[in-house]
Amino acid sequence: MWVSGGFVYTDRIFEEGKIVSDFYLVELSQGFNSEQRALFFAQAANHRKSKTVAFLLTFFLGGIGAHRYYLGSIGLGLLYTIFAWTFVPILIAFMELFLIGSYVDDYNRRQAEKIAEKISTLPVLPTTSKLKA
């Protein structure tokens, strides 16, 4: 465990005593100033998907593709729904129970990359440390 730049590095990243996210978020925010970094972490937290919710959707409603809709794969979700009567999507969803965690991680990483790209294009406003009266 080590401390650098206000972060405590272990297997997860902590900021102000709360888990922020995985290492890739810190890597994506390397060139940001403090305002951009705060905006990035807030947006990434808002767009983050839960592994627990994805697992439960896969387990209970995987045969109709609910987990795919949740992760933004609308096309695959529609295929699952259309072919639900064949029971093939149920078998696929059962196999995906073991992979759903990595699907969620990939989704969260892609969303964080999109957010970092948008934030990096924002203009940086000059900050005034002290105003003179």
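The values are calculated or read from the model by the stated rules, or taken from the named source; none is laboratory data. Computed from a prediction, not measured in an experiment: that's the story for all the values here. Note that we place each Cβ from the backbone using ideal geometry, even for glycine, and neighbour counts take in every protein chain shown.
Any chance the range 58-77 includes a residue that's in contact with a Gly (Cβ under 7 Å, 6 or more places away or on another chain), at pLDDT 95 or above and either hydrophobic (A, V, I, L, M, F, W, C) or within 30 Å of Leu125 (Cα to Cα) (or both)? Steps first, answer last, please.
We begin by selecting, within the range 58-77, every residue in contact with a Gly (Cβ under 7 Å, 6 or more places away or on another chain); these are 65, 68-69, 76-77.
Then drop every residue that is not at pLDDT 95 or above, which leaves 65, 68-69, 76-77.
If we keep only those that are either hydrophobic (A, V, I, L, M, F, W, C) or within 30 Å of Leu125 (Cα to Cα) (or both) too, we end up with 76.
Yes, the conditions are met somewhere in the range 58-77.
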Give me a count of the residues in the range 1-43 that are over 20 Å from Val124 (Cα atoms), assigned to a helix (DSSP H, G or I) and either at pLDDT 90 or above or out of contact with any strand residue (DSSP E or B) (no Cβ under 9 Å at 6 or more places or on another chain) (or both).
-> 1
Flag for Gly72 being touching a residue at least 12 places away in the same chain (Cβ under 8 Å) and either β-branched (Val, Ile, Thr) or touching a Ser or Thr at 6+ places or on another chain (Cβ under 6 Å) (or both) = no
Helices (runs of 4 or more DSSP H) wholly inside the range 44-133 containing at least 1 residues that are closer than 21 Å to Tyr24 by Cα = 51-61, 100-120
